[in-house]
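In what follows, a structure is listed as C-alpha cells, so that the remarks can point back to it.
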Amino acid sequence: METNRLSKEMQEVLIRQMTKEAEAAQIYLALGVWADDQGYGGVANFLYRHAQEERNHMTKIMGYILERGGRPRIEAIAQPPADPQTLTECFNRVFKHEVDNTEAIYSIVNLAMAEKDWATWNFAQWFVKEQIEEEKLALQLIDKLKIAGGDRASDESLFALDSSLEAMPDEVTLAREATAQDPK
C-alpha cells in the first residue's frame, strides 16, 4: 500500500526548498564571516543566527516530508557568492535572497492549491508568514544603514548600528517548536 501522501511533484518541490534553505544558511554564514573579518561583530552575530534559522527551516521541511510518508533527499548546495564590498551590498543581498525565497514558497503554495493538497497548503502558510517577517527584517537593515549614512556613514554611526544588531537576542527557536500562530 502506498503511504506517501505527497505527489511526486510536491515532494520534489519540497526537497528543492530544503536545498534552498541549506544554501541560504551557507550564504548567511559566508556573509557573517565577511562581516566578522571587517570588524562588524554585531552584524556577523546577526548573520550567524540567521544561518541557524535557515537550517531550522530546512529541518522543518524535512520533518514534514517524513510526516507525510515521503522520503527527503539531501542534495549538494552551491558555493556562496563572492564577498560583498560594502555593508550596503551585504544587506541588499540579504533582502534579495529573502525575496527569492518568498517566490519559492509561493510556488509551493500554488502547487498545493492546484493539487488540492490542503495539508501542504496549511504547512506552507507558516513559511508565508515567516517570509513576511524575513523581508521586513531585511528592509529594516537597509533602512537603518541608510539612516546611519549608507556607505558614507561615520564610524560612530556604524558602531551604533553594529552594536544594536549585537544586542539582539542570541537564541534561535527550533523550527519544530514554531507554529503559524507563533512563529517565534
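Things to note:
- Number of positions in segment 94-108 that are touching a residue at least 24 places away in the same chain (Cβ under 8 Å) and farther than 13 Å from GLU134 by Cα: 3
- Subset of segment 71-108 [of a type in the set (Val, Ile, Thr) and open to solvent by 20 Å² or more (accessible area, probe 1.4 Å)]: ILE74, ILE77, THR86, THR88, VAL99
- Tabulated pairs, segment 126-151, first farther than 22 Å from ALA112 by Cα and of a type in the set (Lys, Arg), second modelled with pLDDT of 95 or more and open to solvent by less than 30 Å² (accessible area, probe 1.4 Å), C-beta under 9 angstrom, 6+ apart or interchain: LYS144/PHE91
- Among the residues listed as TYR64, TYR48, the single one being out of contact with any Ser or Thr (no Cβ under 7 Å at 6 or more places or on another chain) and open to solvent by 30 Å² or more (accessible area, probe 1.4 Å): TYR48
- Only residues that are in a loop (DSSP other than H, G, I, E, B), touching a residue at least 60 places away in the same chain (Cβ under 8 Å) and closer than 18 Å to ALA138 by Cα were counted in segment 39-93, giving 2.
The values are calculated or read from the model by the stated rules, or taken from the named source; none is laboratory data. Quick caveat, the model's predicted, so the values are computed rather than measured. Note that each Cβ is placed from the backbone with ideal geometry, even for glycine, and that neighbours are counted across all protein chains shown. Areas reflect the complete protein model, heavy atoms only, side chains present, ligands, DNA and RNA absent. Shrake-Rupley method; radii C 1.70, N 1.55, O 1.52, S 1.80 Å.
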